[in-house]
Amino acid sequence: MSDCIFCKIAAGEIPATVVFENDDVIAFEDLNPQAPVHVLVVPKAHHANILDGVSAAELAAVVEAIGEVARAKGLSERGFRVIANTGADAGQTVEHLHFHVLGGTTLGEGLIP
Ligand code: 5GP
Ligand code: ZN
């Protein structure tokens, strides 16, 4: 998608601090981190969110990439949280499917209103 910020990051047209990348997925540091580790794991193919035709193979690639990010960032032992905000009620602001990987501290329980 030509005006999608995460498509542009995936294409290397906008800079980002890349943590992991392969043919299908790119993972990079969130611009506005909410935890000591806050990485976005993004399938390179454009889908607006988890409801927008993402395939099982793409999700498998995402899960694999989350594992790579967790190991690279030292999160494997103590754990981490994965969030995919989907739509308005979840506060999704970037309309390209992405998974927040949050960790590096004991996370609060404030996910549910
Ligand atoms: P959402 O609210 O859609 O789940 O999350 C979007 C996330 O993307 C936010 O955490 C925001 O900080 C991050 N973000 C927005 N624009 C950019 C950008 O240009 N570069 C990076 N690295 N992160 C971004
Ligand atoms: Zn996109």
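The values are calculated or read from the model by the stated rules, or taken from the named source; none is laboratory data. Everything quoted here is computed from the prediction, not taken from an experiment. Note that each Cβ is placed from the backbone with ideal geometry, even for glycine, and that neighbours are counted across all protein chains shown. The accessibility values were calculated without ligands, DNA or RNA, using every heavy atom of the protein model including side chains. Shrake-Rupley method; radii C 1.70, N 1.55, O 1.52, S 1.80 Å.
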Please compute the per residue accessible area over the chain with all protein chains in place, 1.4 Å probe, rounded to a whole number of Å². 59 Å²
Here the stretch 58-69 yields Karplus 3J(HN,Hα) values (6.51, -1.76, 1.60; θ = phi - 60°; whole Hz; Gly and Pro given as x) of 5, 5, 4, 5, 5, 4, 4, 5, 4, x, 4, 5
Using the Karplus curve 6.51 cos²θ - 1.76 cosθ + 1.60 with θ = phi - 60°, what ³J(HN,Hα) values do you get for each residue of the stretch 96-101, in whole Hz, with x for Gly and Pro? 9, 3, 8, 10, 6, 10
Please turn the phi angles of the stretch 70-82 into ³J(HN,Hα) values with the Karplus equation 6.51 cos²θ - 1.76 cosθ + 1.60 (θ = phi - 60°), one per residue in order, whole Hz, x for glycine and proline. 4, 5, 5, 9, x, 9, 4, 6, 8, x, 6, 10, 10
Using a Förster distance of 22 angstrom, determine the FRET efficiency expected from the C-beta separation of Asp24 and Glu77, and round it to 0.05. 0.25
Got a number for carbon plus sulfur as a percent of the chain's accessible area, 1.4 Å probe? 53 percent
So the FRET efficiency between Asp89 and Lys8, C-beta based with R0 = 30 Å and rounded to 0.05, is 0.65
Can you tell me the length gained on complete extension of the stretch Leu31 to Ala60, counting 0.36 nm per residue apart and subtracting the Cα distance? 7.9 nm
For the stretch 5-80, take N as its residue count and report Rg(C-alpha) divided by 2.2 N^0.38 Å. 1.08
